[in-house]
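Taking it in order: structure first as structure tokens, then the write-up.
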Amino acid sequence: MFEIDGIVIRTTSFKENDMMVNVVSKDGIISFLAKGVLKFESKNAPSIQLLNKSHFQLSKSKDGLTLRTGTIINSLFSHETNLNFLVVANLICELTSRIIITNEDAINIYQFLEKSQSLLASKFSPLTIGLYYFAQILKQTGYGLNVDCCQKCGKTTQITAVSYVDGGFICQECFDGLDGKKYSSIELKIIRLIFKSDINSFCAYSFNDEICIKLIKDLSIFLETQLNIKLKSIKCLTLYKVHL
């Protein structure tokens, strides 16, 4: 038997009352079978809810890992939840489960996932968390945008657009409208902030909801183009109630 602390990012029904659970921890990705958790009387069911941080005791056999006990460390669902909260929680879970493949990726992203989970539980702006996390998961897997200078000429001034083909900022002189998208000065500042952030500056600012939705959708198109990953959770952004 061994024990881990981790955050649940995916659950899949298995047989009648069981579930396969995927967890990200500071040591990597772990998958295990949680028997009987779909039964009404299951004591382990709360610990495997999506984005809950829990302590798990696991047993190992030739068939893999099996959950013995699960204890919640920090639950999102002990707080009042709403649709906005669930939309972003779903986005974070899908991003993590679809993009994180190796243990190294999981180790690199864990601190940002842990902080996102904690901030969601504290009712910080959900869309801001989702946008910051999207940028970080791209960075940590090698697909972050270069926001230091123009990707075509190297200029650091007159930045006016982002080229998702070239992977970063584009200045006014190099912008041709074919492989770049223009943004307002505020949007460009936000893009720079989210891609330059580290764990200490993660979610240091709260952004306008409409801008967050726009940028999350643009990053999802970039993700689909680069990795052929189409996020189902992006459609749920249409349900998000924007606070003006």
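The values are calculated or read from the model by the stated rules, or taken from the named source; none is laboratory data. Because the structure is predicted, anything quoted here is derived from the model rather than measured. Quick reminder, even Gly has a Cβ in these numbers, built from the backbone with ideal geometry, and neighbours come from all protein chains shown. To get the accessible areas, we keep the full protein, side chains included, count just its heavy atoms, and leave off ligands, DNA and RNA. Shrake-Rupley method; radii C 1.70, N 1.55, O 1.52, S 1.80 Å.
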TODO: Hey, could you check the range 162-190 for residues that are touching a Lys or Arg at 6+ places or on another chain (Cβ under 9 Å) and acidic (Asp, Glu) and say which is surrounded by the fewest Cβ atoms within 10 Å (Cβ to Cβ)?
DONE: Glu173
Task: Tyr240 being under 27 Å from Asn82 (Cα atoms), of a type in the set (Phe, Trp, Tyr) and open to solvent by 30 Å² or more (accessible area, probe 1.4 Å) - done: no
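Quick grid of which residues meet (1) farther than 21 Å from Asp105 by Cα; (2) open to solvent by 30 Å² or more (accessible area, probe 1.4 Å):
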{"position": "Phe2", "(1), (2)": "yes, yes"}
{"position": "Val8", "(1), (2)": "no, no"}
{"position": "Gly28", "(1), (2)": "no, no"}
{"position": "Leu38", "(1), (2)": "yes, yes"}
{"position": "Lys43", "(1), (2)": "yes, yes"}
{"position": "Lys53", "(1), (2)": "no, yes"}
{"position": "Ser61", "(1), (2)": "yes, yes"}
Open item on the list: I want to confirm something. Restricting to the range 191-219 and keeping residues that are free of Cβ contacts under 8 Å to residues at least 24 places away in the same chain and not in a loop (DSSP other than H, G, I, E, B), which single residue is most open to solvent (accessible area, probe 1.4 Å)?
Closed with: Lys217
Open item on the list: So for the range 160-181 (the condition being at pLDDT below 95, of a type in the set (Val, Ile, Thr) and either under 15 Å from the mean Cα position of the chain (by Cα) or more than 29 Å from Lys115 (Cβ to Cβ) (or both)), does at least one residue qualify?
Closed with: yes
Task: Lone unmet requirement of (1) closer than 23 Å to Thr225 by Cβ; (2) surrounded by fewer than 23 Cβ atoms within 10 Å (Cβ to Cβ) for Ile100 - done: (2)
Open item on the list: Please verify whether Ile229 is surrounded by fewer than 16 Cβ atoms within 10 Å (Cβ to Cβ), part of a loop (DSSP other than H, G, I, E, B) and either at positive phi or β-branched (Val, Ile, Thr) (or both), treating the condition exactly as stated.
Closed with: yes
Open item on the list: List the residue pairs whose Cβ atoms are under 7 Å apart, where the first residue sits in the range 2-15 and is on the phi > 0 side of the Ramachandran plot, the second is open to solvent by 70 Å² or more (accessible area, probe 1.4 Å) and part of a strand (DSSP E or B), and the two are 6 or more positions apart or on different chains.
Closed with: none
- [ ] Search the range 82-105 for residues that are of a type in the set (Asp, Glu) and pair each with any residue that is assigned to a helix (DSSP H, G or I) and modelled with pLDDT of 90 or more when their beta-carbon atoms are under 8 Å apart and the residues are at least 6 apart or on different chains.
- [x] Glu94/Lys232; Glu94/Ser233; Asp105/Ile99; Asp105/Gln140
Open item on the list: Every residue in the range 10-26 that is of a type in the set (A, V, I, L, M, F, W, C) and surrounded by 19 or more Cβ atoms within 10 Å (Cβ to Cβ), please.
Closed with: Met19, Val21, Val23, Val24
